[in-house]
Amino acid sequence: MSRTNNWQEFKIKDVLQKIIGGGTPSKSKPEYWNGSISWASVKDMADGVYKLNSTVDKITELGLKKSSSNLIEKGNVIISTRMGLGRCFIPSIDVAINQDLKALIPQEKLLDKKYLLWLMVFLSERIKLLGTGTTVKGITVDTLKNLDVHLPHLLTQHKISSILSAYDDLIENNTRRIKILESMAQTLYQEWFVKFRFPGPEQVKMVESDLGLIPEGWEVIGFTDIADILNGGTPKTKIEEYWNGNIPFFTPKDSPDSFYVTHTGKSITELGLKKCNSKLYSRNTIFITARGKENISQYFVFLMLRSYVEHLRKTATGATFNSIVMDTFKRLQIIEPPVALIDEFSNLVSPIFEQMLNLINKNINLRKTRDLLLPKLISGQIDVENLDIDTGELAA
């Protein structure tokens, strides 16, 4: 069904109370940073994720006071007008924002906050097309204010946002379950291979090693004795024939919060793969890139690497940005348990990883369904006015 006649056209500025900008405290002032105030920037935003529960950086009260940043109350829509142009989210916590972000405060008698989020998601492609700039494209506040929008009655807005937010609630619930499963797998690794509380005889003889006391029969070896470290490469970006093929191309930007990578921002062609230093890696390869050697469980190698993350970070060097070099891995010593114990562990954690992947795939399908419904609901193509949807106080 097409948009109903009682939808009204507005400039977005006509349905907002105000637009609030942000800023960045001086990075040269340590007293401005690592405080208790969450400070949002584009690095906290991800495609297809519209709720923000935490931020990478935090600032102090002094940092907030001495900068152009503003503290935005939770539940308000925040959109990027420069880096990551068009991305938006609703924070579940109060957050300060940087200069690339704007908070949109609606007139709540005209515009439902959650509906505003989905409206801006719907408008994101149009916003990207309006971006100008040579290095980084952005839009001005005036451009944002003058966006044309069509709005239904507030009750209909609430019904639409309830439908779309229900998908996000399911996604968030699955994400929480994934985090619990991740913690279970890592805890099992710590118990067996760090605290040495593995199944077997209650009294295990401990012997001296270069890494301290270890169970008898275990060995201290180099990391590269148990895993191959493999390099990658990038096809020339100016050659179009190398790009937008059907081969996923992984970069650090694609690093997920969870254990698995299910999609990448870029893809390359067969020719692009042939013309760069990378090879095609199989499912369950671990990126730094380390891959367990033959007969060594990928799950064991992965969880072992996770346990060494802080150590590896401390060894990272670089003038522009920190990086880990091949020699770091060659020097890294690890404790190798007997293969039979690694296999027993792998059999135990394998179902956990399978559950995680199942939940990740469920979230992919939920996002696809939500994203298919979004334009049809926001445009009025799907009519929800007669649907019996709980709208809380608005229904009174």
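The values are calculated or read from the model by the stated rules, or taken from the named source; none is laboratory data. Predicted model, so just to flag it, every value in this text is computed and none were measured. Neighbour counts run over all protein chains shown; Cβ positions are idealised from the backbone, glycine included.
Can you name every residue in the stretch 85-123 that is surrounded by fewer than 20 Cβ atoms within 10 Å (Cβ to Cβ), farther than 22 Å from LEU374 by Cα and over 19 Å from the mean Cα position of the chain (by Cα)?
ASP94, GLN99, GLN107, LYS109
Out of everything in the stretch 133-150 that is of a type in the set (D, E, K, R) and outside any loop (DSSP other than H, G, I, E, B), what residue ends up being surrounded by the most Cβ atoms within 10 Å (Cβ to Cβ)?
Of all residues in the stretch 133-150, those of a type in the set (D, E, K, R) come to 137, 142, 145, 148.
Narrowing the set further to residues that are outside any loop (DSSP other than H, G, I, E, B) leaves 142, 145, 148.
Values: ASP142: 8, LYS145: 14, ASP148: 10.
Here the residue is LYS145.
Can you name the number of the only condition in (1) under 21 Å from PHE89 (Cβ atoms); (2) touching a strand residue (DSSP E or B) at 6+ places or on another chain (Cβ under 7 Å) that ALA46 fails?
It fails just one condition, (2).
Residues checked against (1) small (Gly, Ala, Ser); (2) out of contact with any strand residue (DSSP E or B) (no Cβ under 7 Å at 6 or more places or on another chain):
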| residue | (1), (2) |
| --- | --- |
| GLY84 | yes, yes |
| SER92 | yes, no |
| LEU101 | no, no |
| LEU117 | no, no |
| PHE122 | no, yes |
| ILE139 | no, yes |
| HIS153 | no, yes |
| ILE163 | no, yes |
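If I filter the stretch 194-212 for residues that are acidic (Asp, Glu), out of contact with any Phe, Trp or Tyr (no Cβ under 6 Å at 6 or more places or on another chain) and touching a residue at least 60 places away in the same chain (Cβ under 8 Å), do I get at least one hit?
Looking for residues that are acidic (Asp, Glu), out of contact with any Phe, Trp or Tyr (no Cβ under 6 Å at 6 or more places or on another chain) and touching a residue at least 60 places away in the same chain (Cβ under 8 Å), one finds at least one in the stretch 194-212, hence yes.
Please tell me if SER41 is small (Gly, Ala, Ser), out of contact with any Gly (no Cβ under 8 Å at 6 or more places or on another chain) and on the phi < 0 side of the Ramachandran plot. Even if it seems obvious, please write down each step before you answer.
Numbers: small (Gly, Ala, Ser): yes; out of contact with any Gly (no Cβ under 8 Å at 6 or more places or on another chain): yes; on the phi < 0 side of the Ramachandran plot: yes.
For SER41, the condition - small (Gly, Ala, Ser), out of contact with any Gly (no Cβ under 8 Å at 6 or more places or on another chain) and on the phi < 0 side of the Ramachandran plot - is met.
Name the residues in the stretch 17-53 that are more than 17 Å from LYS66 (Cβ to Cβ) and in contact with a helix residue (DSSP H, G or I) (Cβ under 8 Å, 6 or more places away or on another chain), would you? Show your work before the answer.
We begin by selecting, within the stretch 17-53, every residue more than 17 Å from LYS66 (Cβ to Cβ); these are 17-20, 38, 40-53.
Correct list: ILE19, GLY48, TYR50, LYS51, LEU52.
Is it true that ILE139 is aliphatic (A, V, I, L, M) and touching a helix residue (DSSP H, G or I) at 6+ places or on another chain (Cβ under 6 Å)?
Here the answer is yes, as ILE139 does meet what is asked.
Here's a check for you: in the stretch 301-331, which residue that is touching a strand residue (DSSP E or B) at 6+ places or on another chain (Cβ under 7 Å) and at pLDDT 80 or above is farthest from THR187 (Cα to Cα)?
Of everything passing the filter in the stretch 301-331, LYS330 is farthest from THR187 (Cα to Cα).
Can we say TYR189 is out of contact with any strand residue (DSSP E or B) (no Cβ under 6 Å at 6 or more places or on another chain) and closer than 18 Å to LEU348 by Cβ? Walk me through it before giving the result.
On the way: out of contact with any strand residue (DSSP E or B) (no Cβ under 6 Å at 6 or more places or on another chain): yes; closer than 18 Å to LEU348 by Cβ: yes.
Taking the combined requirement at face value, the residue satisfies it.
Being of a type in the set (A, V, I, L, M), surrounded by fewer than 17 Cβ atoms within 10 Å (Cβ to Cβ) and under 23 Å from SER124 (Cβ atoms): is that true of ALA40 here?
Details: of a type in the set (A, V, I, L, M): yes; surrounded by fewer than 17 Cβ atoms within 10 Å (Cβ to Cβ): no; under 23 Å from SER124 (Cβ atoms): yes.
Criteria not met by ALA40.
Looking only at the stretch 243-260, count how many residues are under 16 Å from ASP47 (Cβ atoms) and at pLDDT 70 or above.
Of the stretch 243-260, the ones under 16 Å from ASP47 (Cβ atoms) are 248-258.
Then keep just the ones that are at pLDDT 70 or above; that gives 248-251.
Residues meeting the conditions: 4.
Filter the stretch 17-49 down to the residues that are under 29 Å from the mean Cα position of the chain (by Cα) and either small (Gly, Ala, Ser) or within 22 Å of LEU155 (Cα to Cα) (or both) and list them by number.
GLY21, GLY22, GLY23, SER26, SER28, GLY35, SER36, SER38, ALA40, SER41, ALA46, GLY48
For the stretch 7-124, list the strands (runs of 3 or more DSSP E) that sit wholly inside it and hold at least 3 residues that are closer than 23 Å to HIS150 by Cα; which are they? Let's see the steps before the verdict.
Numbers: elements: 8-11, 16-20, 33-40, 57-59, 77-80, 88-91, 95-97, 101-106.
Passing ranges, in order: 8-11, 16-20, 77-80, 88-91, 101-106.
Would you check if LYS159 is of a type in the set (Lys, Arg), surrounded by 12 or more Cβ atoms within 10 Å (Cβ to Cβ) and touching an Asp or Glu at 6+ places or on another chain (Cβ under 9 Å)?
Answer is yes for this residue.
Which of the following residues is in the same structural domain as PRO375 (by TED's automatic domain parsing) and modelled with pLDDT of 95 or more: LYS145, LYS159?
Numbers: LYS145 fails: in the same structural domain as PRO375 (by TED's automatic domain parsing).
The unique qualifying residue is LYS159.
Being among the β-branched types (Val, Ile, Thr) and more than 29 Å from LEU273 (Cβ to Cβ) is the filter here, so list the residues in the stretch 215-243 that pass it.
Restricting attention to the stretch 215-243, the residues satisfying the condition of being among the β-branched types (Val, Ile, Thr) are 220-221, 224, 226, 229, 234, 237, 239.
Selection gives VAL220, ILE221.
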